[in-house]
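A.B. asks: So that we are looking at the same thing, I have put the structure below in structure tokens.
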Amino acid sequence: MRLSRVLITGGSGLLALNWACCMRASHEVILARHSRKITLDGVSVASLDLESDATLTKQLEVIRPGLVVHTAGLASVDLCEQQPAAAMHANAELARNVALATRRLNIKLIHVSTDHLFDGSRSLYTETDPPAPLNVYGRTKLQAERWVAQENPDAMLVRTNFFGWGHRYRQSFSDWIIYSLRAGRSVTMFDNVFITPILADVLAASAHELASNDERGIINLAGDERISKYDFGLRLAGIFGLPDGLIQRGSLSRSRLVAERPLDMSLANARARQKLGRNLGSLDGFLLRLLEQESAGRRNELLTAVTE
Ligand SMILES: NC(=O)c1ccc[n+]([C@@H]2O[C@H](COP(=O)([O-])OP(=O)(O)OC[C@H]3O[C@@H](n4cnc5c(N)ncnc54)[C@H](OP(=O)(O)O)[C@@H]3O)[C@@H](O)[C@H]2O)c1
């Protein structure tokens, strides 16, 4: 299957920019812009209207991508809680439009979902565990999965939790820790919230490989390690040579966040490992790559890639 021209929605987002950097040497990458401007070497940019499946179909007919990666949406969990209608629109209704248009044109679709779909009462959720989201963000992402699977049964639905270098308007989880510790600021990190994080580039490369093999349906693309957010901070500080004494232990129940959050968001990646024939990777390996990316200029490049 020819997937060499890739169109990524949510082009100014954290995931899309790292996805584009990872793929631009081997693919023709087009980032679809929404409100912000994007400038990235080796990548083109197109305006795309996700509001109407009919308009989107016409635009895709012109661009003719072999693969669409749908990352656009409202990724702030607290903003979704405050604006549920806007969240349902951005996360679920737009995803349905993308699914309809790609199905109509027989374009392979990778839909990016989340690890926020469960109540967190257990660990290492599999693709077949019944979702039970605790907040509006999770409910809208679950609705998106259902509509995408219904409208485009060939789509691959990726559940994940990633990190990578962000940009001026969008800090990642790892950016927040790195920039705080470099500035001598302390950070409080939850020792009772568990994730299975993956580096954005490893997520992108693994998703492409699976899509090329015509994988479809739900698949967890998560790291091999389940870790608390607090321990993630300590491991990151160790690899980046930052002062881990600035990392304070915190606990989710004592925090004052708007939306309720699951304590355990870890995803089991056995299905992906079996399909890929390898492990997805250890956290230290991902963090070393993040450090190498900074030395190679990724951090600086992305900091200036997005403008208002
Ligand atoms: N970040 C995480 O840790 C995480 C974890 C698991 C899953 N995910 C999922 O991964 C995906 C990407 O997340 P991210 O962190 O990269 O998000 P992000 O940085 O917040 O970027 C979101 C993108 O969506 C675009 N967008 C928002 N509303 C839109 C609309 N109405 N029409 C078209 N585009 C719109 C934004 O464009 P403008 O800024 O130009 O308006 C932006 O490019 C999301 O689906 C999210 O649910 C994220």
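Throughout, read-outs are computed from the coordinates displayed, never taken from laboratory work. Computed from a prediction, not measured in an experiment: that's the story for all the values here. Here the Cβ positions follow ideal geometry from the backbone for every residue, glycine too, while neighbour counts run over all protein chains shown.
A.B. asks: Can you give the angle from 0 to 90° between the axis of helix 229-240 and the longest principal axis of the chain, with both taken from C-alpha atoms, to the nearest 10?
C.D. replies: 90
A.B. asks: Turning to a different aspect of this structure: Name the residue from 218, 179, 257 whose Cα lies farthest towards the positive end of the charge dipole of the stretch 168-308, charges +1 on Cβ of Lys and Arg and -1 on Cβ of Asp and Glu.
C.D. replies: 257
A.B. asks: Right, next: What is the pair-distance distribution P(r) of the stretch 1-118, computed from all Cα-Cα distances in 5 Å bins starting at 0, with each bin given as a whole percent?
C.D. replies: Result, from short to long distances: 2, 12, 22, 25, 20, 12, 5, 2, 0 percent.
A.B. asks: Still on this structure, please answer the following. With contacts defined as alpha carbon pairs under 8 Å and 6 or more residues apart, what's the relative contact order of the chain in percent?
C.D. replies: Details: 638 pairs, mean separation 63.3, N = 308.
RCO, the chain: 21 percent.
A.B. asks: Looking at 7, 288, 134, which one has the Cα that reaches farthest to the positive end of the dipole of the chain (charges on Cβ: Lys, Arg +1; Asp, Glu -1)?
C.D. replies: Checked the options; the winner is 7.
A.B. asks: When a footprinting reagent is the concern and you count Cβ atoms within 10 Å, what order do 19, 176 take, fewest first? Intermediate results must be reported in sequence, preceding the final value.
C.D. replies: Values: 19 31, 176 15.
So the ranking, lowest neighbour count to highest, is 176, 19.
A.B. asks: Moving on. May I ask you to sort 22, 80 by Cβ crowding, counting other Cβ atoms within 10 Å and putting the fewest first?
C.D. replies: Values: 22 22, 80 26.
Ranked by crowding around the Cβ, least crowded first: 22, 80.
A.B. asks: Only counting other Cβ atoms within 10 Å, I'd like 196, 71, 55 sorted with the fewest neighbours first. It would help to have the intermediate numbers written out before the result.
C.D. replies: Details: 196 26, 71 21, 55 14.
In order of increasing Cβ crowding within 10 Å: 55, 71, 196.
A.B. asks: Sticking with this one: Relative to the Cα centre, what is the charge dipole magnitude of the stretch 21-129, using +1 at the beta carbon of each Lys and Arg, -1 at the beta carbon of each Asp and Glu, and rounding to the nearest 20 debye?
C.D. replies: On the way: 11 positive and 13 negative charges, 104 e Å.
Value, rounded to 20: 500 debye.
A.B. asks: Run the dipole for the stretch 63-181 about the Cα centre, Lys and Arg Cβ at +1, Asp and Glu Cβ at -1, nothing else charged, and hand back the magnitude in debye, nearest 20.
C.D. replies: Details: 12 positive and 11 negative charges, 90 e Å.
That gives the stretch 63-181 a dipole magnitude of about 440 debye.
A.B. asks: For the charge dipole of the chain, defined by +1 on Lys and Arg C-beta atoms and -1 on Asp and Glu C-beta atoms about the Cα centroid, which residue among 246, 95, 32 has the Cα displaced farthest towards the positive pole?
C.D. replies: Working it through, the farthest residue towards the positive pole turns out to be 32.
A.B. asks: Now for a different question. Viscosity 1.567 mPa s, temperature 4 °C: give me the Stokes-Einstein translational D for the chain in µm²/s, with Rh taken as the Kirkwood radius over C-alpha pairs.
C.D. replies: Once the numbers are plugged in, D ends up at 66 µm²/s.
A.B. asks: Only loop residues by DSSP count here, and only those with at most 14 other Cβ atoms within 10 Å; note down the trypsin sites (Lys or Arg not before Pro) in the stretch 121-151 that meet that.
C.D. replies: Passing sites in the stretch 121-151 are 122.
A.B. asks: Mind checking the dipole of the chain: about its Cα centre, +1 per Lys or Arg Cβ, -1 per Asp or Glu Cβ, Debye to the nearest 20?
C.D. replies: Using Cβ point charges on Lys, Arg, Asp and Glu, the chain gives about 220 debye.
A.B. asks: Continuing with the same structure: Give me the angle, in degrees from 0 to 90, between the Cα long axis of helix 283-295 and the longest principal axis of the Cα atoms of the chain, rounded to the nearest 10.
C.D. replies: Relative to the chain, helix 283-295 is tipped by roughly 80 degrees.
A.B. asks: Follow-up. Tally Lys and Arg at +1 and Asp and Glu at -1 over the other residues with C-beta under 14 Å from the C-beta of residue 161: what net charge comes out?
C.D. replies: Details: positive: 141, 159, 226, 229, 261; negative: 115, 224, 225, 264.
That works out to +1.
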